[in-house]
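Notes follow once the structure below has been shown.
Read-outs: derived from the displayed coordinates by stated rules, not from any lab. All values derive from a computational prediction rather than experimental measurement. In this analysis, Cβ positions are derived from the backbone assuming ideal geometry, glycine residues included, and neighbour counts consider all displayed protein chains.
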Amino acid sequence: MRLCHLDDLPDGDSRGFELRATGRDTIFVVRQGASLHGWLNVCPHHGAPLAWRKDAYLDAARNRVVCGAHGAQFEIHTGLCTLGPCLGQALTPVPLTLSGDGAVHVAATFTEETTP
Amino acid sequence: MNIIGPDALVFGVDDVAACRQYLIDYGLKDAGGGRFEALDGTAVVIRAKDDASLPPGLGTASMLRETVYGVADAKTLDAIEAELRRDREVIRRDGVLRCADDMGFALAFQVSVRRPLALAAETVNAPGAAPQRGPNGIGVTPDMPALPRSLSHVVYFVPDVAKAEAFYKRLGFVCTDRFTGVGPFLRPAGTLDHHTLFMIQTPPFMKGCEHFTFHMGGPTEVLLAGTRFVEKGYQSFWGPGRHLYGSNWFWYFNSPLGCHVEYDADMDLHDDTWIARETSMGADASQAFLFQYREKWAPSGPPPGAKP
């Protein structure tokens, strides 16, 4: 399914998307130029959401994903937790495709309800 | 030892501007100098993580750098100093006693800065009981204030909960209740509140602050403040609900402070005649009930599309 246009993603920052009607972002995307990194909004520690505010998934320098639960830090490119309660675990990747016209797509499976 | 409870929590954070806005939106007052105060003057203090005036970090993701306890008087400071000098370095300067606990958490003790509050608690009318709110008294209005009144408690992740508890017992904390294999709820001698400190056994790489919370005026204020916080875009983590141990209403949120931040209200009080309960930790033991935020909605009139 179409997620948004590339221009709708702030360069160097993160944005969340609610794909299931759960009242919270299902996935989030970090844009670095034309590179997009999609992750499930699920911390490996408790399975709880990462952002501390809508769309706020990164540290102040915008070079790490940070969990708003206990400050766990994750590499933006690999999703690997380098500090925090889920040390050594990783975020769940969400494959994204970017078309020539700038449309960003996500696999329809991420819109379906799943049992936690 | 007449320790009342936490006067302040000091954090060394990554994103000072984000934390500042967060704490203001949570309901604390910007008192200047990185200090964000509840109505009684208890506070959260925010500094940049590399601020040289901060005690060292814990070496984990935790941003908590110091827990400042308020005590009744200088005599209590003397007693704490005498007890702790037996086995550790203690610094006393300008009326503040500083040391570290047995897990490495930096502590400070001072004569409490809490200002006395004269505010009504939430009132309830119920059949069989005298009205708490008389005729024409209104229970809830859309614009009623719901502001944090007083710093209630802090929760630590610790790698050796037995050793950590033993340290606080030396300072007169008593266990009010316990989750088996997890940790104790601790009440210092200067308050009747069920707990001002709870500790959770975890691996060493998790050591730090799990959450802190401020007391609100009642459950309505917890739900009202939490709803307003969600409406500003902040992320609910757990709640609203009501805990069993302590009976406190709760609502926890994610934060940029590296820990959860809670609103709580209506905690049980205990005295020295209380006998601590103990149970296994789990969903049923943690709460009497749990709800989840949803957008406001109301049933009204005929189904959509029907003729009036």
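Which residues make up the longest stretch of chain B that has no GluC sites (Glu not before Pro) in a DSSP loop with at most 10 other Cβ atoms within 10 Å?
Counting only loop sites that pass the neighbour cut-off, the longest clear stretch is B:90-294.
Just how large is the dipole of the protein assembly as shown about the Cα centre, in debye to the nearest 20, putting +1 at every Lys and Arg Cβ and -1 at every Asp and Glu Cβ?
That gives the protein assembly as shown a dipole magnitude of about 200 debye.
Quick one: grab the alpha carbon gyration tensor of segment A:36-87, order the square roots of its eigenvalues as a ≥ b ≥ c, and give me rounded if a/c is under 1.5, else prolate or oblate depending on whether a/b is larger than b/c.
It comes out rounded by the Cα gyration axes.
Any idea what angle helix B:219-231 forms with the longest principal axis of chain B, computed on alpha-carbon atoms, 0 to 90 degrees, nearest 10?
80 degrees
Would you mind classifying segment A:5-73 by shape? Square roots of the alpha carbon gyration tensor eigenvalues, ordered a ≥ b ≥ c; an a/c under 1.5 is rounded, otherwise it is prolate if a/b is larger than b/c and oblate if not.
On the way: a/c = 2.06, a/b = 1.22, b/c = 1.69.
Oblate is the answer for segment A:5-73, as a/c is 1.5 or above yet b/c matches or exceeds a/b.
For segment A:89-103, take each phi angle, set θ = phi - 60°, evaluate the Karplus expression 6.51 cos²θ - 1.76 cosθ + 1.60, and give the result in whole Hz per residue in order, putting x for glycine and proline.
Karplus-based 3J(HN,Hα) across segment A:89-103 equals 8, 9, 5, 8, x, 10, x, 10, 10, 10, 7, x, 8, x, 6 Hz.
Taking a cut-off of 13 Å between Cα atoms, list the aspartates and glutamates near residue B:49, but don't count ones fewer than 8 places away on the same chain.
Filter leaves A:59, B:14, B:15, B:66.
Using the Karplus curve 6.51 cos²θ - 1.76 cosθ + 1.60 with θ = phi - 60°, work out ³J(HN,Hα) for each residue of segment B:28-33 in order, rounded to whole Hz, and write x for Gly and Pro.
7, 9, 5, 9, x, x
Quick one: length gained pulling residue B:82 to residue B:275 fully straight, 0.36 nm per residue minus the C-alpha distance?
66.6 nm
Going out from 0 in 20 Å bins, what whole percent of all Cα-Cα distances in the protein assembly as shown drops into each bin?
With 20 Å bins starting at 0, P(r) equals 24, 54, 20, 2, 0.
My understanding is that a pair violates if its Cα-Cα distance is over 31 Å; which of B:207/B:296; A:54/B:29; B:75/B:163 do that in this structure? If you can, show how the numbers build up before the last one.
Values: B:207/B:296 39 Å; A:54/B:29 23 Å; B:75/B:163 26 Å.
Violating the 31 Å limit, Cα to Cα: B:207/B:296.
Taking 4 °C and 1.567 mPa s as the conditions, I'd like the Stokes-Einstein D for segment B:3-112 in µm²/s, using the Kirkwood hydrodynamic radius from alpha carbon pairs. Intermediate values should be presented prior to the final figure.
On the way: Rh = 14.7 Å.
Approximately 88 µm²/s, per Stokes-Einstein.
What number results when the radius of gyration of segment B:43-92, computed over Cα atoms, is divided by 2.2 N^0.38 Å? All intermediate terms of the calculation are to be shown ahead of the outcome.
Values: Rg = 13.8 Å, N = 50, 2.2 N^0.38 = 9.7 Å.
That ratio works out to 1.42.
Percent of Cα-Cα pairs more than 24 Å apart in chain B, please.
55 percent
Can you give me the long-range amide H partners of residue B:66? Hydrogens built in the peptide plane at 1.01 Å from N, cutoff under 5 Å, separation of 5 or more residues or another chain.
Long-range HN contacts for residue B:66: B:10.
Enter the angle in degrees (range 0 to 90, nearest 10) between the Cα long axis of helix B:74-84 and the first principal axis of the Cα atoms of chain B, meaning the one along which they spread out most.
Between the helix axis and the principal axis of chain B, the angle is about 60 degrees.
For chain A, what are Rg and Dmax over the alpha carbons, in angstrom?
When restricted to Cα atoms, chain A yields Rg and Dmax of 13.3, 40 Å.
When only C-alpha pairs under 8 Å and at least 6 residues apart count, what is the relative contact order of chain B, in percent?
Normalised by residue count, the contact order of chain B is 18 percent.
Tell me which cysteines of chain B come out unpaired when the rule is another cysteine's Cβ under 4.7 Å.
Here B:19, B:99, B:175 come out as lacking a disulfide-compatible partner, given the Cβ-Cβ threshold of under 4.7 Å.
Counting just the Cα atoms, what span does segment B:136-215 cover along each of its three principal axes? Round to the nearest Å and put the largest first.
54, 29, 20
Stokes-Einstein diffusion coefficient for segment B:233-280 at 25 °C in a medium of 0.890 mPa s, Rh from the Kirkwood formula over Cα pairs: what value in µm²/s?
Details: Rh = 12.5 Å.
The estimated diffusion coefficient comes to 196 µm²/s.
Where nothing but the Cβ of Lys and Arg (+1) and of Asp and Glu (-1) is charged, how large is the charge dipole of chain B around its Cα centre, in debye to the nearest 20?
320 debye
State the answer as a single residue: which of A:3, B:150, B:239 lies farthest towards the positive end of the charge dipole of the protein assembly as shown, with beta carbon charges of +1 for Lys and Arg and -1 for Asp and Glu, about the Cα centre.
Sorting the options by dipole projection puts first B:150.
For segment B:79-173, what relative contact order do you get, as a whole percent, if you take Cα pairs closer than 8 Å and at least 6 residues apart?
24 percent
Compute the separation of the alpha-carbon centres of segment B:255-291 and segment A:1-80 and state it in Å as a whole number.
Answer, in whole Å: 31.
In a Gaussian network model over chain A where Cα atoms closer than 10 Å are linked, find which of A:59, A:13, A:25 has the largest mean-square fluctuation.
Maximum fluctuation in the GNM of chain A, among the listed residues, is at A:59.
Where is the GNM fluctuation largest for chain A (alpha-carbon springs, 10 angstrom cutoff): A:48, A:72, A:60?
Answer for the Gaussian network model of chain A: A:60.
Mean residue ellipticity at 222 nm from the helices of chain B, using -39,500 (n - 2.57) per DSSP H segment of n ≥ 4 over the full residue count, to the nearest 500 deg cm²/dmol?
Value at 222 nm, helices only, nearest 500: -4500 deg cm²/dmol.
Using a ≥ b ≥ c from the Cα gyration tensor of segment B:126-170 (square roots of the eigenvalues), is it rounded, prolate or oblate, where a/c under 1.5 gives rounded and otherwise the larger of a/b and b/c decides, a/b for prolate? Don't skip to the end; give the middle numbers.
Working: a/c = 4.86, a/b = 2.54, b/c = 1.91.
Prolate is the answer for segment B:126-170, as a/c is 1.5 or above and a/b outweighs b/c.
Which angle between 0 and 90 degrees, to the nearest 10, do you get for helix B:161-170 versus the longest principal axis of chain B when only C-alpha atoms count?
Around 70 degrees separate the two axes.
Find how much the distance from residue B:74 to residue B:147 grows on full extension, using 0.36 nm per residue of separation minus their present alpha carbon separation; answer in nm with one decimal.
Taking residue B:74 through residue B:147 to full extension adds about 23.2 nm, to one decimal.
Which whole-number percentage describes the relative contact order of segment B:32-137, with Cα contacts under 8 Å and a sequence gap of 6 or more?
Taking the mean separation of contacting Cα pairs over the length of segment B:32-137, I get 24 percent.
Name the residue, out of B:131, B:159, B:116, whose mean-square fluctuation peaks in a Gaussian network model built on chain B with Cα pairs under 10 Å.
Checking each option, the largest mean-square fluctuation is seen for B:131.
Cα atoms only, segment B:169-294: Rg and Dmax in Å?
When restricted to the Cα atoms of segment B:169-294, Rg and Dmax are 14.9, 45 Å.
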